[in-house]
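See structure below.
The values are calculated or read from the model by the stated rules, or taken from the named source; none is laboratory data. Keep in mind that this is a model prediction, so the values were computed, not measured. We place every Cβ from the backbone using ideal geometry, glycine too, and count neighbours over all the protein chains shown.
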Amino acid sequence: MMTHCLALMGNMSWLGWLMPLTVLALLGLGIAALLKYLFTSSKPMTGAQS
């Protein structure tokens, strides 16, 4: 399976290498943004501080 995938990527020239790397980068950025949102979300303020 891996050799078939690499052969297909080789036949597509630079686009075959760019697209998987782009998808992995976007996936990593999405996970990082989700983790940042989950761990740094501010607590709701009440009273005179809001």
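Contact map, region 1-12: first residue modelled with pLDDT of 75 or more and outside any loop (DSSP other than H, G, I, E, B), second residue surrounded by 10 or more Cβ atoms within 10 Å (Cβ to Cβ) and among the aromatic types (F, W, Y), Cβ cut-off under 8 Å, separation 6 or more or different chains; pairs are M9/W17. Is it true that T40 is of a type in the set (S, T, Y) and modelled with pLDDT of 85 or more? Criteria met by T40.
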